[in-house]
Amino acid sequence: MNNELEKIPVRNELKVLESGQKRTNPLANVFDGLVKFCQSRSMFMLHYCTGCGAIELPPAMTSRFDMERLGIQPMVTPRQADILLITGYVSIKTLKRIILTYEQMASPKYVIGICSCTVNGGMYWQSYATAKVLRDYLPVDVYIAGCMPRPEAVISGLRELMEDIKSGRAESWKKYYQHYDFYLGNQQKLFGEDWQTPTDIIAEARHYDLVSDQTLGEHTALLEKHQKPLEALEMRLSVKEKQNL
Amino acid sequence: MSKELNLWLDSLLSDIESVQFRRKNSRRVRVDVASEALPALLELLQGRASYVHLSAITCVDWIEEEQFELIYHVWSYETNSLVSVHTRIPRDPGVYLSIYDLYQPAAFFERDIHEMYGLYFEGSPDMEKFILTEWNGPPPMRKDFDSEAFVNQNFHWEQYHPQWLKDIEEEGGGITTRPEDVR
Amino acid sequence: MRPENYQAKNQPPSHEFELNFGPNHPGIEGNYAFRVKLNGDEVLSARADGGYLHRGFEKLMEQRLWIQNIALVPRICVPDPVPMEVCYSLAIEELGGLEVPERAQWIRVMQLEMSRLAAHLFAFGGHAATTGMYTPMFWGVADRDLILDRFEELTGGRVYSIYNIPGGVRREVPDGFLERMSSLLDYLESRLPDYDNLFFTNQVFIKRARDVGAMTQEQALKWGVTGPNLRATGLKFDVRRDDPYLVYDQIDFDIPTEPGGDALSRNLVRRSELKQSIRILRQVIERLPSIKGPIRCPIPNPLAWNVPAGESYTRVESSKGELAYYVVSTGGDKPYRVHVRGPSSMHAVQVLENLAVGCRLEDIAQIMFSLDACPPEVDR
């Protein structure tokens with residue numbers, strides 16, 4: 001049997017697509033409006049209670065301030081969720097998990113920072129264990145200030161996100177790819193130089209055609225240094241002799 | 001009934017040497033003891049005076065006197081009173097015995113004090129970090145760790161320049177004192 | 001994706017499988033994790049992993065004035081914030097020698113019991129959700145919302161009230177509040193038979209929760225369990241009765257206990273405590289109009305208040321167990337040391353690790369909710 005394996009191309013060998021090459025069909029933009037409308041009307045929020053603000057989420061989700069009539073439902077796995085709700089302050093240990101979760105979500109994805117602690121540190125500004133400005137580590141679409149915001153405020157913030165999606169302003173997931181060096185730099189400052197996640201952001205950026213001149217930089221070079229080089233997967237097939245069935 | 005038990009407890013404690021005790025009210029007693037005699041005193045309280053519930057172990061950092069003060073709060077369900085046993089250990093080696101074999105809840109508090117103050121308890125079953133697993137700075141609750149300086153060094157703040165302030169500045173006004181100067 | 005992060009590791013063959021029952025999980029109350037070693041479906045050992053909600057409260061409280069800490073303190077326990085404020089205020093009052101007027105003490109008792117009602121409704125709603133019954137959770141959250149409305153009317157905030165200060169309470173009870181509170185209690189009492197039919201006497205729930213996370217009284221005393229969890233093993237102990245604070249010695253209430261030590265008994269104890277809280281609240285509503293007087297005693301200028309030196313250890317019965325504060329003052333305007341002993345410090349760490357051994361994977365969430373372990377109290 002022929003044992004030659006097809007080599008999976010290593011990142012350096014990938015051809016960089018030129019921008020604008022993907023959308024050549026002139027009719028591709030016809031359904032964009034409809035797609036955005038539908039996306040804004042069926043958002044799945046990730047059910048991850050990261051901080052104190054999560055206690056006002058059950059009232060917002062249940063019958064009194066019903067959030068489901070707007071199409072917003074909780075979802076348990078990040079791979080099928082659209083919105084990452086960061087409800088409250090972010091401690092450094094949780095921030096790592098939030099970044100991992102954010103990178104696992106499929107685009108387009110949106111981040112909402114609830115409570116004033118995500119804006120500028122809030123009342124824990126002197127604390128050694130919380131992250132102050134969330135925008136340094138993840139791109140945020142909407143902030144809902146309060147301590148804590150009422151369920152009506154949460155719903156009105158979500159409505160604003162829906163309007164942003166419909167009008168095309170909520171494109172912060174693209175910012176993560178376009179400015180990855182900035183975000184990675186802040187993450188490395190907090191977590192150490194050998195911080196890495198299982199997700200290959202730069203290859204995804206290339207796939208989505210969102211590489212800008214600020215994606216790669218000194219921090220991504222550090223990431224490359226600490227990473228193990230990508231090896232081709234080896235498949236070992238053992239061929240059994242054909243037996244009489 | 002509880003008055004007699006309190007009198008009995010007072011007499012029990014005053015019989016032991018190297019123990020100073022002071023009764024604050026009918027349900028709170030403060031005992032000061034040397035650090036070598038503490039486990040024996042706790043065993044006596046648990047065995048003979050039914051103080052079976054360890055409410056908390058607190059550590060206070062007296063940095064000027066270069067000592068750590070450890071306080072063991074024990075409660076008795078029968079006499080309905082709380083005895084707080086205070087002891088001091090020198091700050092420098094920062095090692096003490098664990099009382100896990102007497103009171104099992106001590107494991108949590110000793111682990112907590114170990115990661116927050118850097119104080120080691122010999123004989124405690126679990127000295128691994130619990131809360132600060134990804135922290136590699138100094139023990140944060142010590143008085144020589146300045147939390148605000150740490151924050152100013154490692155984080156930066158959001159720039160706050162809203163539109164209404166820009167309008168005022170265009171007309172010639174502005175902020176007179178910056179928030180950093182007030183603090 | 002990076003394939004090298006997902007390669008299988010070669011390990012010697014074993015029956016154990018290590019699962020990260022991680023922070024992002026709807027079966028965990030809050031943000032907390034376990035590392036569970038499983039054999040198929042059965043748990044061999046569990047190891048608690050906290051710190052996701054750590055804010056360094058004790059360090060923060062040393063850097064703020066005495067009165068500024070009142071804003072920090074309710075955030076330590078999120079579902080049940082009022083006992084935290086009251087305990088801190090009691091500690092400072094003991095240090096400073098302040099006499100709280102009687103009217104303020106009755107208002108404080110009213111708030112504490114309202115908060116206990118709200119926390120219990122949330123707790124057994126959550127427990128129902130872990131067994132797959134979502135309707136009691138919806139009902140519990142909706143009824144809790146009505147109590148939060150009363151909180152908002154009394155204090156201005158739905159969750160974090162910041163209404164108790166050392167010396168008393170901040171504002172007077174609004175007009176008509178007691179009538180609205182009374183009608184709310186009537187409504188809650190009329191809902192209890194519905195809860196019974198749906199949840200507490202439901203054979204599905206009883207079969208699910210019986211003998212799950214069972215502990216004997218000796219084990220509970222050895223592990224340092226307090227609160228409704230201890231009463232569910234048969235020991236009749238309540239800080240309100242045996243170490244009384246505020247005006248609890250003038251109020252008439254029972255202490256419910258249950259003999260079993262499993263999740264079902266803990267739930268039934270919470271249900272009985274609901275009835276007792278309603279009973280206490282009715283007594284307070286009856287007596288409050290006849291107690292006149294100031295609502296706080298005069299304190300020196302809070303921005304420059306040097307509390308006399310000393311230390312104090314105050315205990316309060318929160319809805320989860322015994323809550324204690326140890327406050328040390330050296331005569332300055334900031335605390336020297338504040339130590340918070342949350343009831344879940346025992347429940348979420350050691351007790352859960354011990355109870356999880358031998359149960360099935362789907363019961364870990366149930367045990368955690370039935371113990372009412374609150375991760376922000378563990379992490380502070």
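Working from Cα pairs under 8 Å separated by at least six residues, relative contact order for segment A:117-212 is 23 percent. Computed from label points 7 Å out along Cα-Cβ, the spacing between residue A:169 and residue C:183 is 4.2 nm. The alpha carbon centroids of segment C:31-100 and segment A:189-228 are separated by 37 Å.
Summing both sides, how much accessible area is buried between A and C? Use a 1.4 Å probe and give Å² to the nearest 100. List each step's numbers first, then the result.
Numbers: alone 15530 and 16470 Å², together 28150 Å².
Accessible area lost upon association: around 3900 Å².
Solvent-accessible area lost on pairing A with B (1.4 Å probe, both sides summed) amounts to about 1600 Å².
Using 0.36 nm per residue and subtracting the Cα-Cα separation, the extra length available between residue C:45 and residue C:204 on full extension is 54.5 nm. Legend: residues A:89, B:120, sorted from most to least accessible area (1.4 Å probe; ligands, DNA and RNA excluded), read B:120, A:89.
The charge dipole of chain B, taken about its Cα centre with unit charges on the Cβ of Lys, Arg, Asp and Glu (plus for the first two, minus for the last two), comes to roughly 980 debye.
A simple spin-label model places the labels of residue A:207 and residue A:125 4.1 nm from each other, with each point 7 Å out along Cα-to-Cβ. For the options C:337, C:103, C:180, a Gaussian network treatment of chain C with springs between C-alpha atoms closer than 10 Å singles out C:180 as fluctuating the most. Say R0 is 51 Å: what FRET efficiency, to the nearest 0.05, do residue B:22 and residue C:19 get from their beta-carbon distance? After rounding, the FRET efficiency stands at 0.50. Taking all protein chains as shown and a probe of 1.4 angstrom, residue A:66 keeps an accessible surface of around 50 Å². DSSP finds beta bridges in the protein assembly as shown, and of those with both partners inside it, around 75 percent are antiparallel. With the cut-off at 24 Å, report for segment B:44-183 the share of all Cα pairs above it, as a whole percent. Counting every Cα pair in segment B:44-183, those more than 24 Å apart make up 52 percent. How much FRET efficiency would the formula 1/(1 + (r/R0)^6) give for residue B:176 and residue B:144, where r is the Cβ-Cβ distance and R0 is 41 Å, rounded to 0.05? Using R0 = 41 Å, I get an efficiency of 0.70.
Cα centroid separation, segment B:113-183 to segment A:105-164: 19 Å. Using C-alpha pairs under 8 Å with a sequence gap of at least 6, the mean separation divided by the residue count of chain B gives a relative contact order of 14 percent.
Put simply, the C-alpha atoms of the protein assembly as shown give a gyration tensor, and the ellipsoid matching it has half-axes of 47, 32, 30 Å, longest first.
Determine the per residue accessible area of segment C:36-108 with all protein chains present and a 1.4 angstrom probe, expressed in square angstrom.
22
Only aspartates and glutamates eight or more places from residue A:189 in sequence, or on another chain, were considered; those with a Cα closer than 20 Å are A:103, A:136, A:181, A:200, A:218, A:224, B:134, B:146, B:148, B:158.
The alpha carbon centroids of segment C:258-332 and segment A:21-99 are separated by 39 Å.
Contact order normalised by length for segment A:26-165, with contacts defined as Cα pairs under 8 Å and 6 or more residues apart; what percent is it? Intermediate results must be reported in sequence, preceding the final value.
Numbers: 241 pairs, mean separation 35.3, N = 140.
So the answer I get is 25 percent.
GNM, chain C, Cα, under 10 Å: largest mean-square fluctuation among C:231, C:270, C:47? In the Gaussian network model the winner is C:47. With each label modelled as a point 7 angstrom along the Cα→C-beta vector, the residue B:88-residue A:30 pair spans 8.6 nm.
The values are calculated or read from the model by the stated rules, or taken from the named source; none is laboratory data. Keep in mind the model is a prediction, meaning the values are calculated, not measured. Every residue, glycine as well, gets a Cβ built from its backbone with ideal geometry; the counts of neighbours run over all protein chains shown. We work out accessible area using only protein heavy atoms, side chains counted, and drop any ligands, DNA or RNA first. Shrake-Rupley method; radii C 1.70, N 1.55, O 1.52, S 1.80 Å.
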